Amino acid sequence: MPHTDELLFTVAGGIARLTLNRPQARNALTFGMYQGLIDACARIAADGSVKAVIVTGAGDKAFAAGTDIAQFRSFATAQDAIDYERFMDRVMGALERLSVPTIAAIAGACTGGGAAIAAACDLRVATRDARLGFPIARTLGNCLSLGNLRRLSALIGPARVKDMIFTARLVGAEEALAIGLVGEVVADAEVLAARASELATLMAGHAPLTLRATKEGLRRLQGEDAAGEDTKGDDRPGDDLIRLCYTSADFREGMEAFLGKRPPNWTGR
């Protein structure tokens, strides 16, 4: 993964932390930061020690205020736009396809590409002053890819996606909680960091294959790979995920631990 001070990547105690680090620009995302996210996801996927991921922004003013507009100055053709959105789909897809749970820890502004990153994570926790949205109808006049629309619709439904984009308004933390855009609201950035770590530690202690199968099954139900990754013969969609869990050493360990009234020792195998 190329080194950049604009994206910080650390791993400690089985928890990976990705920090968008341009606080002077409200963590607006450069193409290098987006590529850094792809590279970090590849490292996490290859590192069996990582059990959960936290994505956050530096400082307490913004998670990420979208793509840095200066990145678009070189656009000259329709293909430039297509290439950009396909690149964005690779970024969000890399986050979405991680087999371990991901948490977006959101403080302050979370807009455009930042909101797309948050939507691609599994859980979202926000501070009371968080504001989320895609104000593109009053700013750039661009649009979201079908992949991003799919994720948003799965979270809050098509009607609310239209409301957010058509009005170009930002949704406050309490409304975001009420409509399911975030799952939890906390007081401030300090509490946010502690809560994200607490959730990551909790999930890191759970059966990794259960989390992996649940993530992948839900991803397919949203329209991606609905027939399953290895459907064959008389298989039904999702049978591969059932086999993954029920034939694992972890499933046997879970049974024995439950019957023996002891904590299970999960290995992810």
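The values are calculated or read from the model by the stated rules, or taken from the named source; none is laboratory data. Quick caveat, the model's predicted, so the values are computed rather than measured. FYI the Cβ positions are ideal-geometry reconstructions off the backbone, even for glycines, and counts take in every protein chain you see.
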Residue 185 vs (1) in contact with a Gly (Cβ under 9 Å, 6 or more places away or on another chain); (2) in a strand (DSSP E or B): all pass except (1)
Just checking, does the stretch 50-64 include any residue being modelled with pLDDT of 95 or more, over 19 Å from residue 148 (Cα atoms) and in a helix (DSSP H, G or I)? no
Looking at the stretch 53-62, can you tell me whether even one residue there is of a type in the set (Ser, Thr, Tyr), within 30 Å of residue 205 (Cβ to Cβ) and in contact (Cβ under 8 Å) with a residue 24 or more places away in the chain? yes
I'm told residue 255 meets every condition in (1) in contact (Cβ under 8 Å) with a residue 40 or more places away in the chain; (2) surrounded by fewer than 18 Cβ atoms within 10 Å (Cβ to Cβ) except one. Can you identify the failing condition by its number? (1)
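Rundown of residues vs (1) in a loop (DSSP other than H, G, I, E, B); (2) surrounded by 13 or more Cβ atoms within 10 Å (Cβ to Cβ); (3) modelled with pLDDT under 95; (4) in the same structural domain as residue 59 (by TED's automatic domain parsing), yes/no style:
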site	(1), (2), (3), (4)
197	no, yes, no, yes
227	yes, no, yes, no
234	yes, no, yes, no
250	no, yes, no, no
With the condition kept exactly as written, say whether any residue in the stretch 207-224 is more than 20 Å from residue 115 (Cα to Cα), within 19 Å of the chain's Cα centre (by Cα), assigned to a loop (DSSP other than H, G, I, E, B) and not assigned by TED's automatic domain parsing to the domain that holds residue 118. yes
